[in-house]
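Novice: Before I ask anything, let me first share the structure, which is written out below as structure tokens.
Nothing in this text is a laboratory measurement; each read-out follows from the coordinates by a stated rule. Every value quoted in this text rests on a predicted model; they were computed, and no experiment measured them. Here the Cβ positions follow ideal geometry from the backbone for every residue, glycine too, while neighbour counts run over all protein chains shown.
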Amino acid sequence: MTSSNYTQTSCSLLNTNTSVCFPPTDVPFYYSSKPILVEGIADSILALAAPIIAYWVSSLLFHFLDISGWKWLDNTKKNLVSRTEVVIAVIFQQVVQTALGYVWFIIDTWQYFLHRFMHVNKWFYKRFHSWHHRLYVPYAFGALYNHPLEGFALDSLGAALAEYLTGMTTRQALVLFTVSTFKTVDDHCGYKLPFDPLQLMSGNNADYHDIHHQQIGIKSNFAQPFFIHWDVLLGTRMTREELELRRRKGKGEKAQ
């Protein structure tokens with residue numbers, strides 16, 4: 001019997017003196033018996049590099065859509081920050097996250113309450129979280145455009161606490177971090193795509209988070225990045241229908 005990180009591989013000796021080994025069956029779908037996943041790159045390094053690659057590959061795909069002519073983001077002129085400033089801030093945050101090893105926490109809970117706090121407390125909002133809301137019209141690679149201290153507290157610090165509490169292996173952290181990076185980029189992409197698996201997995205998608213970036217919805221839809229249970233339970237959820245209803249009421253009141 002040869003052991004692995006997750007289970008054991010059983011081997012049988014046939015009558016022909018040939019040994020046949022059967023792969024383990026009680027392992028996650030992403031399990032690999034290889035000592036390292038990518039030749040020449042340690043898993044610990046890959047766990048740091050994969051989310052950065054995931055972020056820029058996925059966000060630049062959406063950026064291509066932005067400039068392709070299929071959808072022009074004419075409203076980006078409303079944004080209070082240039083794309084160059086966004087890229088610099090995102091790269092800085094990724095450097096900090098990489099230096100910390102980017103470990104995990106119960107992301108939805110941590111981010112909901114800290115995110116909501118930064119909207120409720122006027123000083124914290126003005127000093128820190130207002131950076132992110134300079135993007136009235138979100139786009140993909142602006143997903144991590146935050147004040148450096150907010151990025152540290154909201155993402156890096158909470159993630160570091162998580163791996164310690166949950167005892168994640170390096171490869172488990174690699175999978176979770178990469179998927180959550182794709183999800184964060186997707187939530188800011190500005191597209192409601194019927195074939196996008198990340199938008200089908202829950203109601204917390206690009207359309208849902210776009211409402212939060214509108215003036216009417218800025219006190220709603222704090223949940224990120226995966227599910228919306230905290231918004232539902234604590235009464236901070238706003239649907240697209242509710243947003244449009246409030247807009248019509250606002251226009252009606254102005255017309256009177």
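Novice: Using r as the Cβ-Cβ distance of LEU193 and LEU80, and R0 as 41 Å, what FRET efficiency do you calculate, to the nearest 0.05?
Specialist: Numbers: r = 27 Å, r/R0 = 0.66.
Efficiency, from the Cβ-Cβ distance: 0.90.
Novice: So if each residue of separation counts as 0.36 nm, and I subtract the Cα-Cα distance between ILE67 and ILE41, what length gain in nm does that give?
Specialist: Gain in length upon complete extension: 5.9 nm.
Novice: Ok, one more. Under a plain spin-label model, where a point goes 7 Å from the Cα along Cα-to-Cβ, how far apart in nm are SER130 and LEU60?
Specialist: 3.4 nm
Novice: How do the peptides 83-91, 209-217, 148-156 rank, highest first, by the average count of neighbouring beta carbon atoms within 10 Å per residue?
Specialist: 148-156, 209-217, 83-91
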